[in-house]
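Structure, as structure tokens:
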Amino acid sequence: MADYLGSCLCGAVTFEMTGAFESFYLCHCQHCQKDTGSAHAANLFSTSASLSWLSGADAVVSFTLAGTQHHKSFCSLCGSALPNTQIAGLLVVPAGCLDTEISMLPTAHIFCSSKAEWDDALEAVPAFARLPG
């Protein structure tokens, strides 16, 4: 029985994961900022979990930035971030692609020396339940 289910935005790729996550990092490195288009990536890490593609495995594309250990897997149809196994013995799952809720809080912020300036003091920014109109 799967512990977690997940999918891409268009629904073409679905997967299940069995096992536990050891860590949950919010990465502020410039590579993660570029590939998410946001202030940080939110990735869960496991050295013992197993991943099974339920559908759309042929739509999963993996990219490794030359000269780095920066890897990203994504749906070739909609571009959504997906789990990757590019580092032997390590499963990296973008938290946002999970359909199953996770109760684990982030372990830490990492690569904060590259943190976007606009990512400070976000508690002071107004919050809305949906797009303000």
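The values are calculated or read from the model by the stated rules, or taken from the named source; none is laboratory data. These numbers were taken from a predicted model, which means no experiment stands behind them. Note that we place each Cβ from the backbone using ideal geometry, even for glycine, and neighbour counts take in every protein chain shown. We work out accessible area using only protein heavy atoms, side chains counted, and drop any ligands, DNA or RNA first. Shrake-Rupley method; radii C 1.70, N 1.55, O 1.52, S 1.80 Å.
The table for this structure:
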quantity	calculated
Region 1-27 residues that are farther than 16 Å from N84 by Cβ, paired with ones that are hydroxyl-bearing (S, T, Y) and in a loop (DSSP other than H, G, I, E, B) (beta carbon under 6 Å, 6 or more apart)	L5/T100; L9/S80
Residues of region 36-82 that turn out to be in a loop (DSSP other than H, G, I, E, B) and of a type outside the set (A, V, I, L, M), as a count	14
Qualifying residue in region 117-127 (condition: loosely packed, with under 12 Cβ neighbours inside 10 Å, touching a residue at least 12 places away in the same chain (Cβ under 8 Å) and among the aromatic types (F, W, Y))	yes
Single match in A41, A12, A20 (criterion: in contact with a Leu (Cβ under 9 Å, 6 or more places away or on another chain) and open to solvent by 20 Å² or more (accessible area, probe 1.4 Å))	A12
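Yes/no matrix, rows are residues, columns are (1) acidic (D, E); (2) closer than 24 Å to L122 by Cβ; (3) under 12 Å from the mean Cα position of the chain (by Cα); (4) at pLDDT 95 or above:
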position	(1), (2), (3), (4)
L5	no, no, no, yes
T14	no, no, no, yes
H31	no, yes, no, no
T36	no, yes, yes, no
S48	no, no, no, no
W53	no, no, no, yes
A57	no, no, no, yes
L77	no, no, no, yes
L105	no, yes, no, yes
